Amino acid sequence: MSLQTLKDLLEVSLTPSPTVIILGLVFCVVAPILLHFLYSTATPYTTLPSVLLLGPPGAGKTALTTLFERGPNQPPNGPVAKTHTSQVPSSIELSVNSDDPSTSYKTNLDSEGATAKKFLLVDTPGHPKLRAQSLVHLNSAEPTIKSSLVSDGGAKSKIKAVVFMVDAAALADGDALPSAAEYLYDVLLTLQKRFHSRNGSRAPASMPVLVAANKLDLFTALPAALVKSNLEAELGRIRAARSKGLLDSGVGQDEVAAGEEGDWLGGDGSEKFSFAQMMEFDVDIDVIGGSVIGDGPGAEKWWKWIGERV
C-alpha cells in the first residue's frame with residue numbers, strides 16, 4: 001500500500017460523513033458491551049463460603065455470633081452483649097488466618113500481616129416451627145444457601161460446614177436432651193438423604209458437623225464426652241421409635257433396616273447408634289466443649305475447627 005493510499009484513507013476517515021459517524025457510534029456502543037460480556041463469562045462471580053449455625057433455642061448461637069463478630073474489638077472485661085431469640089436467619093462476615101487456622105478470633109489479622117480467608121457465619125432460628133427453613137438448605141448434593149439470606153444479590157453461598165450448638169448444662173434436664181436430639185436427628189438425617197441424592201457415581205462433598213457443647217463454664221454442665229454419649233443414646237432411642245412407627249404402618253423390618261423409607265439414621269442397622277456410623281455418608285461429626293461467656297474453656301477450639309474447614 002502506497003503512502004498516497006494511506007493519506008487518502010486518513011482523509012476519508014477524518015472527513016465528516018454519515019458513514020463515519022454511524023461507524024463511530026456503533027463502535028463506541030458495541031465495544032464496551034462486548035468486552036463486558038466476554039469478561040463476565042470468563043470470570044464467574046463467586047460468593048464467600050458459609051458455615052451454618054444450628055441448634056435449639058437458648059443454646060447460645062446468637063451469643064457466639066456476636067462473640068466472633070467482635071473479634072479483636074472484644075472488651076476485656078466488658079458486659080456480655082444481650083441477645084434475643086432469632087426469628088429469621090442472619091449472617092456476619094468473618095476472616096480466619098489461611099496459613100494458621102488456630103489463630104485466635106481475637107487477633108487483628110491486618111495488623112499481623114496475615115493472609116485472611118473470609119467466610120459467612122449464618123445464624124439460624126432454633127424454634128421448632130422455624131427449623132424447616134434451615135434444613136431445606138442441606139438436602140441437596142451440594143448444599144447452598146441463597147445469598148438473599150446472607151448478602152445482597154441472587155448468587156448462592158456454598159455451605160462448607162455445620163455447627164450444631166447445644167446447652168451442655170441444660171442437657172442434664174429430662175426435657176432438654178430429647179428436644180435437642182430430635183433436632184439433631186433431623187439435621188443428620190437430612191445430610192444422610194443428601195448422600196443418596198447424588199447424580200451418577202460421584203459422591204457429594206463431605207459435610208463436617210461440629211456439635212458445640214456450650215456453657216461448660218457452669219458447674220452443672222456435662223463434659224463433652226458425656227454430651228456425646230447422651231446424644232448418641234437419645235438418637236438411638238429416637239431411631240428405634242421412628243422405625244417402630246414404620247413397622248406399625250406395615251413397612252417390613254428389612255426395609256426399615258435398609259433405610260429404604262429414608263427415616264433410619266445410620267447405615268449398619270445396629271441397635272446402638274454412634275456418630276461414627278455417619279461416616280458412611282461422608283458426615284464427619286466432632287463433639288467439642290466450650291463456652292461463649294464466663295471463665296470456661298472459651299470458644300477458641302470451635303474457631304479452630306471452623307477455620308480448618310472453610
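The values are calculated or read from the model by the stated rules, or taken from the named source; none is laboratory data. Since the structure is predicted, the reported quantities are computational estimates derived from the model, not experimental observations. Positions of Cβ are generated from backbone atoms using ideal geometry, with glycine treated the same way; all protein chains shown enter the neighbour counts. Heads up: the accessible areas ignore ligands, DNA and RNA and are worked out on the full protein's heavy atoms, side chains in. Shrake-Rupley method; radii C 1.70, N 1.55, O 1.52, S 1.80 Å.
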Go through the stretch 105-129 and give me each residue that's of a type outside the set (A, V, I, L, M, F, W, C) and over 20 Å from the mean Cα position of the chain (by Cα).
-> K106, T107, N108, D110, S111, E112, G113, T115, K129
Scanning the stretch 272-310 for residues that are open to solvent by less than 30 Å² (accessible area, probe 1.4 Å), assigned to a loop (DSSP other than H, G, I, E, B) and free of Cβ contacts under 8 Å to residues at least 60 places away in the same chain, the one farthest from L54 (Cα to Cα) turns out to be F273
Among the residues of the stretch 173-219, write down those that are in contact with a Ser or Thr (Cβ under 6 Å, 6 or more places away or on another chain) and aliphatic (A, V, I, L, M).
-> L216
Regarding S104, is this residue surrounded by fewer than 19 Cβ atoms within 10 Å (Cβ to Cβ), outside any strand (DSSP E or B) and not aliphatic (A, V, I, L, M)?
-> yes
Give the residues of the stretch 266-310 that are of a type in the set (K, R) and in contact with a helix residue (DSSP H, G or I) (Cβ under 9 Å, 6 or more places away or on another chain), sorted by residue number.
-> K272
Which residues, counting only those in the stretch 219-234, are outside any helix (DSSP H, G or I) and either under 24 Å from the mean Cα position of the chain (by Cα) or crowded, with 16+ Cβ neighbours inside 10 Å (or both)?
-> A221, L222
When the residues of the stretch 115-131 are filtered to those that are part of a loop (DSSP other than H, G, I, E, B) and open to solvent by 30 Å² or more (accessible area, probe 1.4 Å), which remaining residue is modelled with the highest pLDDT?
-> T115
From S147, S206, S157, grab the single residue that is at pLDDT below 90 and in contact with a helix residue (DSSP H, G or I) (Cβ under 8 Å, 6 or more places away or on another chain).
-> S157
State all residues of the stretch 55-88 that are open to solvent by 30 Å² or more (accessible area, probe 1.4 Å), part of a loop (DSSP other than H, G, I, E, B) and modelled with pLDDT of 60 or more; if no residue qualifies, say none.
-> P57, G58, Q74, P75, T85, Q87, V88
Any idea which residue in the stretch 166-186 is nearest to L54 (Cα to Cα), counting only those that are part of a loop (DSSP other than H, G, I, E, B) and open to solvent by less than 50 Å² (accessible area, probe 1.4 Å)?
-> A168
